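Accompanying notes for the structure given below.
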Amino acid sequence: MSKLDAYRSIFDLSGKTALVTGGARGIGNAIAAACSAWGARVVLADLNAEAAEGAARELREAGAAVSARGCDVTRSEAVEALFDALSEEGGVDIIFNNAGVSARIPAENYPDGDLQRMFDLNVHGVFYVMRAAARRWIAAGRPGRIVNMASFAGLVADPLSAPYAASKGAVVQFTRTCAVEWAPHGILVNAIAPGYVRTEMTAHTLDQPEAGAAIRAKTALGRPATPAEIAGAAVFLASGASSYVTGTVLAVDGGWTAM
Ligand code: NDP
């Protein structure tokens, strides 16, 4: 092998299985496509099993090795059942803990139910998935990668999104703390903190003239990202290229947190 060949394969994911929660659409779907393109077998896990199967079919038609499973990650027993089923098929190597929800509501009027739903998914759901993966990897003496989906809102203030920002702050601290706790087991834990990305989650806000203009003004690059623009960071954090990276939160935010 030449000196350059070793570097040509640093993003290669052949032989790896990646799980993407919330992978039926948006950022998770782009990550699934990108990891497939780099050779991974991908499992899409989504609340809506039918949507996940439709997304998997589309990726298979493009040549990817993708399967789908319905899973509500806010239910710890459903997450355990998902990982038991995946273990029977050889287990997973890479977790993209991507499913999340957002809401823009003034903090002083935030309803209890919305607060509960936000933390059930963005905090509890993320932790259930991390815990289920790590427990199995540690028991099997198998290394693994966890890539959590944080947000710029987990790093700086995001008015009208206090519970969302707090939930992403929790994702940041799950990432740092579990990275240190699980490093001796060869489990690398990192997070991506996107800026605004045009998906079903954000299209409504981005299309409001005032909110859309404010978002563009707070983004150094002056525009929201496409889901594909988050996928490169995901492949990096899943691959050999990041073998010495753990506990980090990689901002992919068009310069939002630099301003
Ligand atoms: P989308 O809303 O487009 O997609 C989220 C996916 O997660 C949907 O397929 C949804 O399924 C699924 N999902 C929802 N609840 C659950 C659940 N309980 N169990 C399993 N799957 C579930 O989101 P984005 O792609 O925009 O965002 C993905 C991640 O990136 C989120 O964590 C978000 O907070 C984060 N992020 C997004 C940004 C953006 O600007 N878009 C910016 C920064 C971070 P269903 O359709 O059935 O609800």
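The values are calculated or read from the model by the stated rules, or taken from the named source; none is laboratory data. Small disclaimer: the values here were computed from a predicted structure and weren't measured. Because the Cβ atoms are built from the backbone with ideal geometry, glycine has one as well, and the counts that use them run over all protein chains shown. For accessibility, only protein heavy atoms count, side chains too; no ligands or nucleic acids. Shrake-Rupley method; radii C 1.70, N 1.55, O 1.52, S 1.80 Å.
Of everything in the range 222-240, what is more than 16 Å from the ligand (Cβ to nearest atom) and open to solvent by 30 Å² or more (accessible area, probe 1.4 Å)? Give them in sequence order. Of everything in the range 222-240, those that are more than 16 Å from the ligand (Cβ to nearest atom) and open to solvent by 30 Å² or more (accessible area, probe 1.4 Å) turn out to be Phe236, Gly240.
Gly186 - would you say it is open to solvent by less than 20 Å² (accessible area, probe 1.4 Å) and without any contact (Cβ under 8 Å) to a residue 60 or more places away in the chain? Working first, answer last.
On the way: open to solvent by less than 20 Å² (accessible area, probe 1.4 Å): no; without any contact (Cβ under 8 Å) to a residue 60 or more places away in the chain: yes.
Taking the combined requirement at face value, the residue does not satisfy it.
The requirement of being on the phi > 0 side of the Ramachandran plot, under 18 Å from the mean Cα position of the chain (by Cα) and modelled with pLDDT of 95 or more is satisfied by Gly247. Within the range 57-66, the only residue that satisfies the criterion of being within 10 Å of Val43 (Cα to Cα) and touching a helix residue (DSSP H, G or I) at 6+ places or on another chain (Cβ under 6 Å) is Val66. The number of residues in the range 58-99 that are near the ligand (Cβ under 10 Å from one of its atoms), part of a loop (DSSP other than H, G, I, E, B) and open to solvent by less than 50 Å² (accessible area, probe 1.4 Å) comes to 6. Candidates Thr219, Thr257, Thr202: the one that is more than 19 Å from Phe96 (Cα to Cα), β-branched (Val, Ile, Thr) and near the ligand (Cβ under 10 Å from one of its atoms) is Thr202. Can you spot a residue in the range 113-129 that is more than 12 Å from the ligand (Cβ to nearest atom) and open to solvent by less than 20 Å² (accessible area, probe 1.4 Å)? No, because not a single residue in the range 113-129 is more than 12 Å from the ligand (Cβ to nearest atom) and open to solvent by less than 20 Å² (accessible area, probe 1.4 Å).
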